[in-house]
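Before any comments, here is the structure.
No lab work stands behind these numbers, since they all come straight from the coordinates. Since the structure is predicted, the reported quantities are computational estimates derived from the model, not experimental observations. Note that we place each Cβ from the backbone using ideal geometry, even for glycine, and neighbour counts take in every protein chain shown.
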Amino acid sequence: MKRILILIGMLIFTQISHAGAAPLTGGVSEVGLGNKVVDAKTNAPISGAQIAIPKQGYKTYSDTNGNFNLNTEITDDTIMSVSKEGYRPFSITIDKNIAARPMVLGIQKSDTMDVVIDSDMLHLGDDNFSKDSANSGDFKLKSTGPAYRKTFMMTANTLAYNNFLVIGSIIGIDTKMARQMRQNQIRNSYASPPEVYFNGRKIAEIQLNGDNQRIKLPRALIRPDQLNEIIIQTGVNLFQRAYIDYDDIELINLSIQTGN
Ligand SMILES: [Ca+2]
């Protein structure tokens, strides 16, 4: 089986530009203030976008100038999502430091070919995890078990394009590589990577946590004008032999997008 290594796109860093040069009132940095949602292409401010911290059940909206404040405390890494009709669901993993500076979030207009598979926060695993796990502070949802499965339609004209499964954000992966990248604090164990199946074939392993991960769907596997199926199976702790300890992970914003 061909192993496809998915690296975190640097996209997140292009999409968040810290407008930190302009100090806030009095030069005092106040957490969660001075953020903005803009159109990624035109930079025009976007009003009425919903900004959510799903783990906290926190929601707020951008004002007529696209501005919003996060009136909630961010401690550990957590997923923040932005949604607005006509735009692709957007999410980024933020932490205390990122939240402390003004964030400019560029969101993209949705494409008519986009297929939104799921925009809910999903928790895969068994609710048994170490506090040192990557982003463990973020786990609040009950796990739906070790695998996520969903069917969706793909039209015949998608065959004219490259199609990608896009995962908006994913946290909690405790692979060896995630440990090497210091995405978690676990010293003495690691897990196998989550696996992605498309129409019954494994198409990827996800080694790292991150935002906007894109997995190419092999064209030959696409079933045009029929239901297609995606399965995401979380990994297992490779150092726990007494029982199966699934790696507890969370992800948000699954979609199919065309691209290059
Ligand atoms: Ca577990």
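What does the highest-first list of 180-192, 94-106 look like by mean Cβ count within 10 Å? Intermediate values should be presented prior to the final figure.
Working: 180-192: 16.3, 94-106: 17.8.
My ranking of the peptides, most packed first, is 94-106, 180-192.
Can you give the three extents of the C-alpha atoms in the stretch 152-260 along their principal axes, from longest to shortest, in whole Å?
Principal-axis extents of the Cα atoms in the stretch 152-260, largest first: 48, 26, 19 Å.
If I take every Cα pair under 8 Å that is 6 or more residues apart in the stretch 141-260, average their sequence separation and divide by the length, what percent do I get for the relative contact order? Please list the in-between numbers first.
Numbers: 251 pairs, mean separation 50.1, N = 120.
It rounds to 42 percent for the stretch 141-260.
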